[in-house]
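Single-structure report; data block below.
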There are 2 protein chains.
Amino acid sequence: MNSITLLGFAAAVLTTASFLPQAIKTIRTKDTSGISLFMYSLFAMGTLLWFLFGLFSNNMPVMIANAVTLIFAAIILVYKIKYK
Amino acid sequence: MNSITLLGFAAAVLTTASFLPQAIKTIRTKDTSGISLFMYSLFAMGTLLWFLFGLFSNNMPVMIANAVTLIFAAIILVYKIKYK
């Protein structure tokens, strides 16, 4: 793996993993007043399209990263709708 | 542009643009209690690495999308630190 690939891999891990602490915080506190419904609606739709893009272009890393991100984003979105 | 490229383009626009309504909401309300500091720290670092990945691999769309996302994420992060 060259250093540019490694950089991309680190970037993907960080942006994907970042939604986990937000999901945990939202589940624990149910405090969603400062969270934007519009952001999570657009973002969940976007990660779904990224997942489909990965699927149709046979790009497994894009599929996996976005499937994981979509799960976290969907949890936050559901909590935002339920506890707004 | 084929349909898979178009799908990726739509995905990139959605995930990038999604942070704008969150940034606007955070600037307007200064309500950051429900926002995860850990999320935005990891996410800002991740988008910076994505930007560098785009730079070193001569991938202009990745560079532009992540530069824009990084600006929005940095605004939210600064507000979270300032108004926690």
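The values are calculated or read from the model by the stated rules, or taken from the named source; none is laboratory data. As the structure is a computational prediction, the values presented were derived from the model and not from experiment. Every residue, glycine as well, gets a Cβ built from its backbone with ideal geometry; the counts of neighbours run over all protein chains shown. Just the protein is used for accessible areas: all its heavy atoms, side chains included, with ligands, DNA and RNA removed. Shrake-Rupley method; radii C 1.70, N 1.55, O 1.52, S 1.80 Å.
Results, tabulated for the structure shown:
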read-out: Alpha-carbon radius of gyration plus Dmax, which is the widest Cα pair, for the stretch B:3-82 in Å; value: 13.6, 43
read-out: Dipole axis of the protein assembly as shown (+1 Lys, Arg; -1 Asp, Glu on Cβ), positive-most option in B:8, A:57, A:36; value: A:36
read-out: Residue A:83 - accessible surface, heavy atoms, 1.4 Å probe, Å² rounded to 10; value: 80 Å²
read-out: Mean Cα-pair separation over length for chain A, i.e. relative contact order, pairs under 8 Å, 6 or more apart, %; value: 40 percent
read-out: Ranking by accessible area, most exposed first, for B:30, B:25, B:82 with a 1.4 Å probe; value: B:82, B:30, B:25
read-out: Helix-only [θ]222 nm of chain A, DSSP H runs n ≥ 4, -39500 (n - 2.57) each, per residue, nearest 500; value: -27500 deg cm²/dmol
read-out: Sequence of B:81, B:4 from largest to smallest accessible area, 1.4 Å probe; value: B:81, B:4
read-out: Interface burial for B against A (accessible surface, 1.4 Å probe, total of both chains, Å², rounded to 100); value: 3000 Å²
read-out: Surface per residue (accessible, 1.4 Å probe) for the protein assembly as shown, Å²; value: 52 Å²
read-out: Paramagnetic reach from residue A:57 (point 7 Å along Cα→Cβ, amide N under 12 Å) across the stretch B:1-27; value: B:2-13
read-out: Tensor-based shape of the protein assembly as shown (alpha-carbon gyration tensor, a/c under 1.5 rounded, otherwise prolate or oblate); value: prolate
